Amino acid sequence: MKKKLSFVLNDRKITLEIAAQEVLLEVLRDKLGVKSPKCGCDRGDCGTCTVLMNGKTVRSCIVLAVEADGQRLTTLEGLMKDGQMTPLQQSFLEHNSFQCGFCAPGVILAATELLERNPKPSGDEIKEAISGNLCRCTGYLPIVEAIANVNNALTPPGRERLGKKVRS
Amino acid sequence: MNGLKFVGHEEIRIDGKPKITGAAQFVDDLDFGPGLLYAEIVESPLAHAEIKSIDTAKAEQMPGVVKVVSGKDFPFRFGLYMHDRFVFAQDRVRFVGEQVAAVIARDPVTAKKAAKLVKVRYRELPAILNVEDALKPHPLLIHPDLKSYKHVPWFFPQANSNIAHWRKVRKGDVEAGFKQADLVFEDTYTVPRYAHCAIETHGAVGLFDYSGRLTVWAASQSPFTQRNLFAEALAPLGLSHKDVRVIAPFVGGGFGGKAGVSMEILAAALATAVQGNPVKILWSRAQEFYNTYQRQGLTAKTKIGVKKDGAIVALEQTLHWDAGAYVEYGANVVNAAGLSATGPYRIPNVKIDSCCVYTNLPPGGPYRGFGYSEFLFGLESHINETAKKLGLDPVEFRRRNAIQEGDPLTYGSKMNPNGLIECIDKAARAIEWSKKEQSENPKTVRGKGFACFWKAPAMPPNASSTAFIKFNEDGSLNVLVSAMEIGQGFQTVMAQIAAEVLTVPLSKIRVELPDTDRNPYEWQTVASHITWGTGNAVKRAAEDCREQILELVERALGQKREDLYLESETVRSRSVADFALPLRDFAINGIMMKDGTYRGGPIVGRGMFMPEFSSALSDAETSQGGKPNVHYTVGAAAVEIEIDKETGRVRIPRVALAVDVGKAINPGLVRDQVVGGLVQGIATALYEDMRFDAKGRLLNPNFTDYKIPTAMDVPERVIPILVEVAQPDGPYGARGVGEHTMIPAAPMIANAVENALGIRIKSMPITAEKIALAIKSKR
Amino acid sequence: MPILSEFEYFKPSSVREAVRLLSKHKKPAVLAGGTDLINNLKEEIDQPDAVIDIKGIKELSGITYKNGVLTIGAAVTFSELLDSRVIQSRFPVIAEVAKTVGSVGIRNRATMAGNICSAVACADSGPLLAAYEALILVRGSKGKRKVLAAKWFKGNKRTDIKKAELVTAIEIPLPARRHAGCYVKLGRYSGEDLAQASVLILALPGKQYRVALGAVSPVPVRASKIERLLNGQHLSDELIAKCQALIPGLISPITDIRATKEYRSHMCQVMFARGIRAAASRFSGNGPEYGVNLI
Ligand code: FES
Ligand code: FES
């Protein structure tokens, strides 16, 4: 049985009909063509499918699409305003805070939620906030570094010892 | 090498923007339109069995099902170094999860439902789940036809056994060496299987169009190798290499797992079964764990002979590898480890037996470190114990035996220039090696651990790289290579090399992802060889462009060739001060002559690199002769840990890793490799571990129970140290570093645990539980 | 992975309607955070004919504190527990438990009611509710009932819930005018993990203590024997050691891929010792901050 639902996705209103058993991640990717949420584990373990629902991160692989009815969703595609990267994205770029980049959409959304609540998080708070987002490449320190630098928050432990020169 | 403008600088990655805006496309992000079909695999529930029958009738009748195929439709074997793997199981299955049949349907739900309707009858055979059973006299043979399998000339399968390859190294006289020694002792170390856990699982889409051309889009480290293997395996269908095309978009992490060919062969084969429609096959996380490659398990018996003064005089290594059901790639891991199992030490008398053993567990294969992580766990643990027995400082003991330029390697040829001693000294200094750390908390104790490492690229001697460089109208350029961006940042490194030669800034360079139709040949993105091999090819292609440019300017404008040079995207002359011709003025359209005719035309450079000095041929009984390895990258790592004596938990206040990279083309990216590699390696040391039940079923094919590190599990300080002793044949002196940063992690931790507690743990992983229970039983 | 089976989806706006839907269907499933349910649907462990989403029911969504009783609605997420002022000030150990559940993206969805309905042996809420002597509020077509936490858990993944009943809230009585507590959880590393063992301790005035153990038996274990030994006594090393010695007799840990029973048992003792000291010192106002990992 199809259900009609509508929600706001990246500031655009969406109305569509889907079956009750459809999973949000699959609807976003396959029906709406929003590809930044990725499927890394399909059971809530890795965080690559992270999207913001009303500003809070959820794992879209374990959310039914019907649950999005009436909600406001944001994916990485919706973070940019007028084609400009957010300061957080800019910081990721400047700190080379990704390697393969597969985890990046989820990590950036998790960090977005964190900075919204806590603009100057400590290194430990950053680590806690992104600990549900698995990254196999970076060893996380460059990610922590990028998040810490967005609002010139406290220097997290490990950062200056990475030995990176400040890039011009 | 001063005056370099791009090489050696910490350039920002050129793949950054797509990756952090979500624009980067991975294979599952590509669109294939409404004709796309989905495949679901019917898998073996048994570790070892004969297939009696496969009944697909019910599945075929299900609406939405397009086709059901099985082994009889694809009676092909394939493999990278040995043809022992099957597209679909034929008369037998050899591990739990092996592909037996596939359902192709219009949508994934139908495919999954129909797959459950395929009925396969088996006759179960006894399963061999460990190396000891596989090596028993008269064992059940997992591959009875082993002797007939095609393989590379440097493999030595043993008839009527489960030994797929046996690498023997005999150098000097090991027995005489032990006689000479003041101290001889041996021990056994074990390493379980591990999983790569790239966060993107494997996926591939195949399309066999009506003209008979096969295109495969794959998350792959090895597009050209895949093309070759697809064409070879499917040759009976009349495919030529030119008709096979592999396109690799961004890859969400590889670590060796996406090298060679594993599940991608299914996309290629299934596509031929549904001509005209693209068919997608995407591995679930569970399949990613049990049906790609796993890092092989190892039981290593290590026997060492040393003089009182600390000189190692003899080493015997018996390495038994649990290589799994198919070893087409894994046997080369065994080979590479066998050739190098002395570690980076000068040892006159050596005996190494590295045996690749079939078992009924999932296929083993390449994983960052390619066998070196595994044997170095035992060897570097053993080196520490030896130092202890001799009353020598373990760092000093390593220093005394460290291999140096010109020393003979196990197979006879000479060691390349290297900065091992410098690495040892710098790593030790970085964690204040000689300072004993006192813990403030009475419940905890601190210790320090050290390990040296080395690794050579394991490549066929003719592994080649090629590059094209194409200029555009505005003087920007596209670099075409078929190396793969798996996160290491090779695109940025290639751009830096091209930029250095052609004086074009990185903002004007694109490095394209592989497409075997468009980009030139590359063997594979493995073996940490891309910076070196592909880097050489790109440098040569850039130099080719430069030659064309300067030659043209001489020819068209009469400038003296030897005075011409490039600077800031402009041709200048040392003799004519005001001569300045921007590249954009002629890179495509040439230079206009007075009469209105043009000279030149589009600048396209070509570069190729093959290590022509390499040879894998050597004596089967001794491995002497030949030069199987092009060079070694060496280094050392040191760690300080704090152990909670009650819980067994390990905290890592600081860890340092020094590696001789020859020349860091982008030091920032090299440091990032150190951080990422160490974290990955430390996880194998502390908690990662694949567990199988008594039926050969993997018990933890998910991140709930195969724990990989989170942001909360990283060391508090990571100190990357880059040493640069140039590699004479590397671009700007560079050699590879991607894998190396993971290799020393496990023995370094084991040695630190021993240092803190006096307890030697000889089996990985060294979990909190193992430590706590060991402390308890020691009391 | 798509969910293969089909079901109807309902989002009732009242408990009455939810209960009606529950009784109307043969195999209904209740959806709150979905962090367990959706996985079970994918793996076909659950194949319901109807999924009843309770997030639209206003009365299930609040945290209230009245007359010494904290009421947590069935749709309240662990993130909301963490952020709740009244919990931070009066029941900080609840926040300490919540912080160990999954990670942010899970806590933003998962609920305590869901946690105790899934009722896996390693559920973090188990020992918490056992120690607080919490009541589970259940509504069925025949009316309401309250179940004491100790009676709620019937076994691994088994609870006292009856067909067509809905958990509406959890009531946690304030055990004393002032109290402190401590939750210690054993995972394989610092990141998100399921408990391999857990210890929850409440410290009450008059040197009274409550002790509960999780993940070392099919249901949470309330260690009354240990409580009797502790109550009214000064916390000496010997006393703690005596209590530790009792632990192996109270639990029935298993060996699985996560941990051996030896280690679970050993760690229960270690965690008990650290937890009781932390709880006691928190009670006196100088213990470690809530939320720090003691192991
Ligand atoms: S794909 Fe959703 S958490 Fe991994
Ligand atoms: S950058 Fe590859 S998983 Fe994070």
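Some observations on this one:
- For A:Leu16, the conditions (1) within 12 Å of chain B (Cβ to nearest Cβ); (2) open to solvent by 10 Å² or more (accessible area, probe 1.4 Å) are fulfilled apart from (1).
- For region A:25-37, the set of residues classified as touching a strand residue (DSSP E or B) at 6+ places or on another chain (Cβ under 9 Å), facing another protein chain (nearest Cβ under 7 Å) and charged (D, E, K, R) consists of A:Lys35 only.
- Subset of region B:171-227 [at positive phi and open to solvent by less than 30 Å² (accessible area, probe 1.4 Å)]: B:Cys197, B:Gly212
- Members of region C:1-44 that are open to solvent by 60 Å² or more (accessible area, probe 1.4 Å) and within 12 Å of chain A (Cβ to nearest Cβ): C:Met1, C:Glu6, C:Glu8, C:Lys11, C:Asp36, C:Glu43
- Residue in region A:94-105 that is within 24 Å of C:Asn39 (Cα to Cα), in contact with a Gly (Cβ under 8 Å, 6 or more places away or on another chain), more than 16 Å from ligand 2 (Cβ to nearest atom) and not aromatic (Phe, Trp, Tyr) present: no
- Scanning region B:566-608 for residues being touching a residue at least 12 places away in the same chain (Cβ under 8 Å), part of a strand (DSSP E or B) and open to solvent by 40 Å² or more (accessible area, probe 1.4 Å) gives a total of 5.
- Flag if A:Thr57 is away from ligand 2 (no atom under 16 Å from the Cβ), closer than 14 Å to B:Ala23 by Cβ and open to solvent by less than 10 Å² (accessible area, probe 1.4 Å): no
- Tally, over region A:109-128, of residues that are open to solvent by 10 Å² or more (accessible area, probe 1.4 Å) and within 16 Å of ligand 1 (Cβ to nearest atom): 1
- Index of the failed condition, B:Ile708 passing every other in (1) open to solvent by less than 20 Å² (accessible area, probe 1.4 Å); (2) within 14 Å of chain C (Cβ to nearest Cβ); (3) farther than 16 Å from B:Ile766 by Cα: (3)
- Region B:399-440, residues that are of a type in the set (Val, Ile, Thr), open to solvent by less than 30 Å² (accessible area, probe 1.4 Å) and closer than 16 Å to B:Val659 by Cα: B:Ile403, B:Ile424, B:Ile431
- Flag if A:Ala65 is more than 16 Å from ligand 2 (Cβ to nearest atom) and within 14 Å of chain B (Cβ to nearest Cβ): no
- Which listed residue is more than 16 Å from ligand 1 (Cβ to nearest atom) and within 19 Å of C:Ile38 (Cβ to Cβ), from A:Ile14, A:Ile62, A:Ile18: A:Ile18
- Residue list for region B:437-470, restricted to those being closer than 19 Å to B:Met742 by Cβ, in contact with a strand residue (DSSP E or B) (Cβ under 7 Å, 6 or more places away or on another chain) and not in a strand (DSSP E or B): none
- Residues (out of contact with any Gly (no Cβ under 8 Å at 6 or more places or on another chain), touching a residue at least 24 places away in the same chain (Cβ under 8 Å) and within 7 Å of ligand 1 (Cβ to nearest atom)) located in region A:42-59: A:Asp45
- Every pair of residues 6+ apart whose Cβ atoms lie under 9 Å, when the first sits in region C:253-279 and is small (Gly, Ala, Ser) and open to solvent by 40 Å² or more (accessible area, probe 1.4 Å) while the second is at pLDDT 95 or above and not in a helix (DSSP H, G or I): none
- Matching option when the condition is open to solvent by less than 20 Å² (accessible area, probe 1.4 Å), more than 7 Å from every other protein chain (Cβ to nearest Cβ), at pLDDT 95 or above and within 16 Å of ligand 1 (Cβ to nearest atom), among A:Gly101, A:Gly106: A:Gly106
- Answer residue from region A:68-77, given it is facing another protein chain (nearest Cβ under 9 Å) and open to solvent by 10 Å² or more (accessible area, probe 1.4 Å) and is nearest to B:Arg285 (Cα to Cα) among those: A:Glu77
- Residue in region B:374-383 that is farther than 30 Å from B:Val87 by Cβ and open to solvent by 10 Å² or more (accessible area, probe 1.4 Å) present: no
- Within region B:446-457, residues that are of a type in the set (Gly, Ala, Ser) sit with their Cβ atoms under 9 Å from residues that are in a strand (DSSP E or B) and open to solvent by 10 Å² or more (accessible area, probe 1.4 Å), at 6+ positions apart or across chains, in these pairs: B:Gly447/B:Glu642.
- Check on A:Asp82, at positive phi and either surrounded by fewer than 24 Cβ atoms within 10 Å (Cβ to Cβ) or within 16 Å of ligand 1 (Cβ to nearest atom) (or both): yes
- Within region B:455-473, the residues that satisfy the criterion of being surrounded by 19 or more Cβ atoms within 10 Å (Cβ to Cβ), over 21 Å from B:Val634 (Cα atoms) and in contact with a Ser or Thr (Cβ under 9 Å, 6 or more places away or on another chain) are B:Ala463, B:Ser465, B:Thr466, B:Ala467.
- Residue that is farthest from the other protein chains (Cβ to nearest Cβ) [pool: residues in region A:1-13 that are hydrophobic (A, V, I, L, M, F, W, C) and open to solvent by less than 100 Å² (accessible area, probe 1.4 Å)]: A:Val8
- Residues of region B:474-490 that are open to solvent by 10 Å² or more (accessible area, probe 1.4 Å) and within 14 Å of chain A (Cβ to nearest Cβ): B:Ile486, B:Gln488.
- Among the conditions (1) over 30 Å from C:Asp193 (Cβ atoms); (2) within 16 Å of ligand 2 (Cβ to nearest atom); (3) acidic (Asp, Glu), the only one that A:Asp45 does not satisfy is (1).
- Index of the failed condition, A:Gln21 passing every other in (1) at the interface with another protein chain (Cβ under 7 Å from one of its Cβ atoms); (2) under 27 Å from A:Arg117 (Cα atoms); (3) open to solvent by 10 Å² or more (accessible area, probe 1.4 Å): (2)
- Residues of region B:131-187 that are closer than 22 Å to B:Ala311 by Cα, assigned to a strand (DSSP E or B) and in contact with a helix residue (DSSP H, G or I) (Cβ under 9 Å, 6 or more places away or on another chain): B:Val169, B:Leu183, B:Val184, B:Phe185, B:Glu186, B:Asp187.
- Filtering region B:236-251 to residues that are within 14 Å of another protein chain (Cβ to nearest Cβ) and within 13 Å of B:Val216 (Cα to Cα) leaves B:Ala248, B:Pro249.
- Qualifying residue in region B:161-170 (condition: within 30 Å of B:Ala685 (Cβ to Cβ), within 14 Å of chain A (Cβ to nearest Cβ) and in contact with a Lys or Arg (Cβ under 9 Å, 6 or more places away or on another chain)): no
The values are calculated or read from the model by the stated rules, or taken from the named source; none is laboratory data. Here the structure is a predicted model, which is why all the values come from computation and not from measurement. Positions of Cβ are backbone-derived with ideal geometry, glycine not excepted, and every protein chain shown enters the neighbour counts. Each accessible area value is taken on the protein alone, full model and side chains, heavy atoms only, with ligands, DNA and RNA left out. Shrake-Rupley method; radii C 1.70, N 1.55, O 1.52, S 1.80 Å.
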